[in-house]
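A short write-up of the structure that comes next.
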Amino acid sequence: MRIKYETKRDKQKERDVAKRVADLWDVVARENPEFYPVDFCFTDDKNEVSGFGEIKVRTHEYGRYPTYIVSAHKVADAKSLANATGLDVILIVQWTCGTIAFLNFDHPPVRTTWGGRQDRSDEQDMEPVNHYDVEDFTIATKEPQENDAPI
């Protein structure tokens, strides 16, 4: 069995981000089961799911790198979920500067490379990854304009 790197602290940070964007978008963040393809679904007050979100909390400031990378497998799972439900699945990222931004997983990547984490000496951390231009993300931490909410 593979080592689980995600800590309780990591999960709490994700919950905090999910709650923050849910409040911005006037929805409820509901944490999905552990092995679900994405971290959260968002519902209205009647439990009607309006969309899904994969939450990432980064350890560097927004804009430090020109692209954001995410596992191509994760993207495939997200697109499969979107196809199965007809709902949007979005990537929501918080950087250390506090910026929270999002991108719909249906957005095409600028490229796909072999990559991933190299700091843990875990060969399972290397895989095909999609690169998304950080300029294509929508900032969520500003006052949302009408229709800014993706879900």
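Residues checked against (1) buried (at least 17 other Cβ atoms within 10 Å of the Cβ); (2) among the aromatic types (Phe, Trp, Tyr):
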{"residue": "Trp25", "(1), (2)": "yes, yes"}
{"residue": "Phe42", "(1), (2)": "yes, yes"}
{"residue": "Ile55", "(1), (2)": "yes, no"}
{"residue": "Thr99", "(1), (2)": "yes, no"}
{"residue": "Thr112", "(1), (2)": "no, no"}
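Considering the conditions (1) outside any strand (DSSP E or B); (2) in contact with a Gly (Cβ under 9 Å, 6 or more places away or on another chain), Cys41 is excluded by exactly one of them, (1).
Per the conditions (1) of a type outside the set (Val, Ile, Thr); (2) surrounded by 15 or more Cβ atoms within 10 Å (Cβ to Cβ); (3) not in a loop (DSSP other than H, G, I, E, B), the sole criterion not satisfied by Tyr62 is (3).
With the requirement that a residue be aromatic (Phe, Trp, Tyr) and in contact (Cβ under 8 Å) with a residue 40 or more places away in the chain, what does the range 22-51 give you? Once the filter is applied, which keeps residues that are aromatic (Phe, Trp, Tyr) and in contact (Cβ under 8 Å) with a residue 40 or more places away in the chain, the range 22-51 yields Trp25, Phe42. Return the residue satisfying two criteria in turn: it lies in the range 65-78 and is touching a residue at least 12 places away in the same chain (Cβ under 8 Å) and over 16 Å from Phe137 (Cα atoms), and of such residues it is surrounded by the fewest Cβ atoms within 10 Å (Cβ to Cβ). Selected residue: His73. Under the condition of being touching a Phe, Trp or Tyr at 6+ places or on another chain (Cβ under 8 Å) and within 19 Å of Ala84 (Cβ to Cβ), the residues counted in the range 38-73 number 10. Scanning the range 79-99 for residues that are assigned to a loop (DSSP other than H, G, I, E, B) and in contact (Cβ under 8 Å) with a residue 60 or more places away in the chain returns Leu87, Asp88.
Mind listing just one residue for me: the one in the range 79-94 that is hydrophobic (A, V, I, L, M, F, W, C) and in contact with a helix residue (DSSP H, G or I) (Cβ under 9 Å, 6 or more places away or on another chain) and, of those, farthest from Phe42 (Cα to Cα)? Per the stated criteria, the residue is Val93.
Computed from the coordinates by the stated procedures, all read-outs in this text should not be read as laboratory data. Bear in mind that the values here come from a model prediction, so they are computed numbers and not experimental data. Using ideal geometry, Cβ is built from the backbone for each residue, glycine included, and neighbour counts are taken over all protein chains shown.
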